[in-house]
1. Given the criteria open to solvent by 70 Å² or more (accessible area, probe 1.4 Å) and either at pLDDT 95 or above or under 18 Å from the mean Cα position of the chain (by Cα) (or both), does Lys225 qualify?
2. Could you grab the pairs with beta carbons closer than 6 Å, sequence gap of 6+ or different chains, first residue in segment 164-178 and closer than 10 Å to Phe130 by Cβ, second one among the aromatic types (Phe, Trp, Tyr)?
3. In this structure, does Ser239 turn out to be within 17 Å of the chain's Cα centre (by Cα) and more than 18 Å from Val133 (Cβ to Cβ)?
4. For segment 73-87, give me each residue that is touching a helix residue (DSSP H, G or I) at 6+ places or on another chain (Cβ under 9 Å) and surrounded by fewer than 21 Cβ atoms within 10 Å (Cβ to Cβ).
5. In segment 206-221, what count of residues is obtained for those that are of a type outside the set (Ser, Thr, Tyr) and open to solvent by 60 Å² or more (accessible area, probe 1.4 Å)?
6. Can you list the helices (runs of 4 or more DSSP H) found entirely within segment 102-202 that contain at least 1 residues being over 25 Å from Ala222 (Cβ atoms) and assigned by the TED database to the domain that holds Ala260?
7. May I ask you to verify whether Leu350 is surrounded by 16 or more Cβ atoms within 10 Å (Cβ to Cβ) and either touching a Pro at 6+ places or on another chain (Cβ under 6 Å) or at pLDDT 95 or above (or both)?
Amino acid sequence: FIQEYFVVCLLAFLHSFSITFKYLGGAVGIMLCRGLRRLETNFTICTFYVRIQACDVGGQPSEMTAEKIASAIQFGMKYGMGEDKYTFGVSHEALREPFDYYTWGCDFFRPTMDLSNSVVLGDENLKEAFRQVAAGENVVFLANHQSEADPQVFSLLLEKVGLGEEAAQVRYIAGHKVTTDPLAIPFSMGRNLLCIHSKKHIDADPETKPAKQKQNLQTMSAMLKIMRKGGASLWVAPSGGRDRRDVSVSLSEPPSIPIAPFDSKTVDMFRLMGNKSKVPTHFYPLAMVSYELCPPPDTIEAGVGERRNVRYSPIGIAVGKEVPNVGGLECRHAFTEHAQEEVQGGYKQLVENIRENVPFRCAA
């Protein structure tokens, strides 16, 4: 175990050191600090991958592990900073050629997920949702959000129930962090996105607020255009951010992760867009369990560059029955409350099911 640990860390360090030198060139100061923070992040991932090796899970040699880590650093350096930094528009189509960033992102996280102990509930609801998409109708998944890897979590669990092709077509409503953080950018390049500024962060810099609001309006126009075409599957977290640990719970106990409240105005906006599109639009509650995989910081941070701690963990999704899109403004709070209640119920069932097989390995 110790030998394997040092092999992975040494290989990753040599890769990342050469990559850092290549892309930093003569730059110093802030860029150098950012580069070192990326190394710290990936050393954390090294430790985690070694834990997989020690448990004989994943089955990949240390050289392959180091190459995966190095590829994330290389792409982060190349597309996350410097002259070649990738810029996202209000709408982004997944880059699948000449390099497939979607498959790369899924394969990067695949060994970090205990898929044999992971759970999918409501697969018939899932299949019905994608039958509606195939018929040219729109589907919106109203989800809680727990980790940066949630798109990969959703993809790999859809793949598990035979919906791999459909998984690649899902479009995610993405906040500014996943399109501006150097390490997150390569993973986002492989996803279909609609890029917005979350209400939680739009006021962080008053000088840029007008520009952010303008972008959000442009994103809404792009989304309406997509929905008018029909056949769209959209994933959105109406809470505007990730679920976070209840810090009042003792560290000696399994963490308690309350579902962040859904914002009724966000849900209203998607209902309005569905009505405006003149295309039948369906809403499904989607509960996600992924906190242990890549826990967010305990506090909300507007900036990028947070420390990542990736853990080998089971994951889960639960899709409830369609929430009928009926009623006007007078019903908006009831609609949102119904959707959140369904997500909370699905989340509770997921945790219970996972804990039957893997006790204390899943945040409640």
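The values are calculated or read from the model by the stated rules, or taken from the named source; none is laboratory data. Here the structure is a predicted model, which is why all the values come from computation and not from measurement. In this analysis, Cβ positions are derived from the backbone assuming ideal geometry, glycine residues included, and neighbour counts consider all displayed protein chains. These area figures cover heavy atoms from the full protein model, side chains too; ligands, DNA and RNA do not enter into them. Shrake-Rupley method; radii C 1.70, N 1.55, O 1.52, S 1.80 Å.
1. Numbers: open to solvent by 70 Å² or more (accessible area, probe 1.4 Å): yes; either at pLDDT 95 or above or under 18 Å from the mean Cα position of the chain (by Cα) (or both): yes.
For Lys225, the condition - open to solvent by 70 Å² or more (accessible area, probe 1.4 Å) and either at pLDDT 95 or above or under 18 Å from the mean Cα position of the chain (by Cα) (or both) - is met.
2. Pairs found: Glu166/Phe130; Val170/Trp235.
3. On the way: within 17 Å of the chain's Cα centre (by Cα): yes; more than 18 Å from Val133 (Cβ to Cβ): yes.
Considered against the rule, which asks whether it is within 17 Å of the chain's Cα centre (by Cα) and more than 18 Å from Val133 (Cβ to Cβ), Ser239 comes out as yes.
4. Residues of segment 73-87 that are touching a helix residue (DSSP H, G or I) at 6+ places or on another chain (Cβ under 9 Å), as a first pass: 73-82, 84-87.
Hits for segment 73-87 are Gln74, Lys78, Tyr79, Met81, Gly82, Asp84, Lys85, Tyr86, Thr87.
5. Just the residues of segment 206-221 that are of a type outside the set (Ser, Thr, Tyr), to begin with: 206-207, 209-218, 220.
When the remaining residues are screened for being open to solvent by 60 Å² or more (accessible area, probe 1.4 Å), the result is 206-207, 209-211, 213-214, 217-218.
The number of residues fulfilling the criteria is 9.
6. Working: elements: 123-134, 150-160, 164-169, 177-180, 185-189.
Passing ranges, in order: 123-134, 150-160, 164-169.
7. Working: surrounded by 16 or more Cβ atoms within 10 Å (Cβ to Cβ): yes; either touching a Pro at 6+ places or on another chain (Cβ under 6 Å) or at pLDDT 95 or above (or both): yes.
Answer is yes for this residue.
This table checks each residue for (1) among the charged types (D, E, K, R); (2) modelled with pLDDT under 85; (3) assigned to a loop (DSSP other than H, G, I, E, B).
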{"site": "Met288", "(1), (2), (3)": "no, no, no"}
{"site": "Asp298", "(1), (2), (3)": "yes, yes, yes"}
{"site": "Gly303", "(1), (2), (3)": "no, yes, yes"}
{"site": "Glu337", "(1), (2), (3)": "yes, no, no"}
